[in-house]
Amino acid sequence: MTPAIAVKDLRYRYHDGKEALNGISFTVKEGECVGLIGPNGAGKSTILQHLNGILPETLGGNPSVTILGQAVSPATLPEIRRNVGLLFQDPDDQLFCPSVYEDVAFGPEQFGLPTSEIVERVSKALAQVGLLGFEKRSPHHLSGGEKQRVCLAGILACSPRVLALDEPTSDLDPRGKRELKNILKQITATKIIASHDLELVVTLCSRVIVVDAGIVVADGPTVQLLSDETFMLAHGLEKPHSLQHRHPHN
Ligand code: ADP
């Protein structure tokens with residue numbers, strides 16, 4: 001079956017000469033939910049930004065990245081962007097309209113859908129994230145968790161088949177984290193989640209890809225990899241609490 005995401009020997013260097021990705025390869029099947037973990041600076045955000053063609057900036061396309069069988073190229077970019085919804089780490093990078101309704105409607109409006117369908121998509125997406133009734137509110141006057149959910153609604157309103165989430169819980173309090181976790185559980189699209197929140201990863205992802213210094217250092221079952229304390233410490237990570245009593249080979 002065609003994978004939802006196929007990344008083959010992806011390399012990327014930022015303008016200042018920093019090698020961020022040194023040959024990343026992995027595939028994700030449709031419907032899978034995969035965690036992307038690793039220390040700060042490992043390359044997680046850089047990988048996610050390649051999945052919908054934000055990087056490389058040249059728009060020259062990237063034959064190393066294929067989404068649902070389609071290589072990222074200038075010709076495929078509009079469809080790639082429809083298929084891949086990217087949730088940025090900082091909601092303030094994603095919210096720019098005066099009202100929640102307009103922010104969530106922005107994506108579907110780009111598709112040129114009829115107004116009735118846009119209205120329907122916005123309501124459905126706001127209901128999915130538990131924010132019905134927030135339509136007229138200003139996104140900038142919401143709490144961090146609510147802003148994050150508005151961003152997610154904006155992505156869901158575009159019905160992407162692949163969701164790439166960059167640190168979705170980084171600014172949330174424990175309740176916000178719990179709520180977002182429950183929302184993500186209900187979403188059946190293929191998901192790749194970059195996160196330091198390993199409890200979230202253990203709950204949602206049966207598989208993790210571990211990156212360090214721009215390479216994949218492990219790719220396998222979450223519980224097995226995350227219970228390996230020596231391995232986790234070697235890559236600037238910690239064995240999560242919920243797995244404290246697990247041995248890596250059980
Ligand atoms: P992570 O998401 O795992 O923390 P990033 O993908 O953000 O890692 O960063 C990978 C590497 O690329 C790091 O060394 C980081 O300093 C560098 N980097 C990230 N963004 C930029 C940028 N805009 N310009 C230059 N270097 C960058």
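Helix 115-128 axis versus longest C-alpha principal axis of the chain: approximately 40°, rounded to the nearest ten.
Here the range 189-229 is assigned +1 on the Cβ of each Lys and Arg and -1 on the Cβ of each Asp and Glu. Its dipole about the Cα centre then comes out at about 240 debye. Each label point was placed 7 Å from the Cα along the Cα-to-Cβ direction; for I54 and S170 their separation is 1.0 nm. Legend: ranking of residues M1, M232 from fewest to most surrounding C-beta atoms inside 10 Å; resulting order M1, M232. A run of the chain free of exposed loop cleavage sites, with trypsin sites (Lys or Arg not before Pro) counted only in DSSP states other than H, G, I, E and B and at most 12 other beta carbons within 10 Å, reaches its longest extent at 19-135. By DSSP, the beta bridges lying fully in the chain are antiparallel in about 55 percent of cases. Segment L132..T27, full-extension length gain: 34.2 nm, with 0.36 nm per residue of separation and the alpha-carbon distance subtracted. Note on Q186 and Y14: their simple-model spin labels are 3.7 nm apart, each label 7 Å out from Cα toward Cβ.
Only helices enter this figure: runs of n ≥ 4 DSSP H residues, each worth -39500 (n - 2.57), summed and divided by the residues of the chain, yield -9500 deg cm²/dmol at 222 nm to the nearest 500. What's the magnitude of the charge dipole for the chain around its Cα centre, counting Lys and Arg as +1 and Asp and Glu as -1 at the beta-carbon? Answer in Debye, nearest 20. My answer is approximately 520 debye.
Once R0 is set to 45 Å, what does the formula 1/(1 + (r/R0)^6) return for the Cβ-Cβ distance between E117 and T230, expressed as a FRET efficiency to the nearest 0.05?
The pair E117/T230 has a calculated efficiency of 0.30.
With Cα atoms as the point set, the radius of gyration and Dmax of the range 33-98 evaluate to 13.0, 38 Å. Enclosing the Cα atoms of the chain in their convex hull gives a volume equal to 130 cubic angstrom per residue. Counting only residues at least eight positions apart within a chain, or on another chain, the lysines with an alpha carbon under 24 Å from that of K239 are K44, K177, K181, K185, K191.
Taken together, the values in this text are just the output of simple stated rules run on the coordinates, not laboratory data. Note that the coordinates shown come from a computational prediction; the quantities given were computed from them, not determined experimentally. Counting neighbours? That spans all protein chains shown, and the Cβs are built from the backbone with ideal geometry, glycine included.
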